[in-house]
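Enquirer: Take a look at the following structure, please.
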Amino acid sequence: MAALVGQAATVAEFVRGRLSCDRLVELLDAKGIDRNAYNLAGSTGGEGYVLDHQGQLWSVFYAERGEHTNRRDFDTEQAACEYLLGLLLDDPTTRRPR
């Protein structure tokens, strides 16, 4: 639960106004998140966090070896982007190598 509280505070710190996929990429780049750690165009068979959009549904999940785990569905792009932002900021393995 503590991680979720910290995650929510971190997301609130960065999100001012509408959060879209384009703005999400800018925020993740600014925070040093490796672009290989996520995919905003649905699962392509690789490993990492995925944001998928099908019809009216936005989904966020972790893809690994063809399996999708910890899937959460959202009604809006903003809600899905905020959730994904929190996951990526909370996972130290997503940082770009220095």
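All of the numbers you see were taken from the coordinates with simple rules; none came from a lab. For clarity, every value in this text was computed on a predicted model and none was experimentally measured. Glycine gets a Cβ as well: all are built from the backbone with ideal geometry, and neighbour counts include every protein chain shown.
Enquirer: Per residue, how much space in cubic angstrom lies within the convex hull of the C-alpha atoms of region 13-77?
Expert: 95
Enquirer: Please identify every one of the trypsin sites (Lys or Arg not before Pro) in region 26-78 that sits in a loop by DSSP and has no more than 16 other beta carbons within 10 Å of its own beta carbon.
Expert: K31, R65
Enquirer: Amide H of Y38 versus every other amide H placed in the peptide plane: which residues, excluding those fewer than 5 positions away on the same chain, fall under 5 Å?
Expert: Y49
Enquirer: Report, by chain and number, residues whose modeled amide H sits under 5 Å from the one on I33, excluding near sequence neighbours (fewer than 5 apart, same chain).
Expert: Long-range HN contacts for I33: R96.
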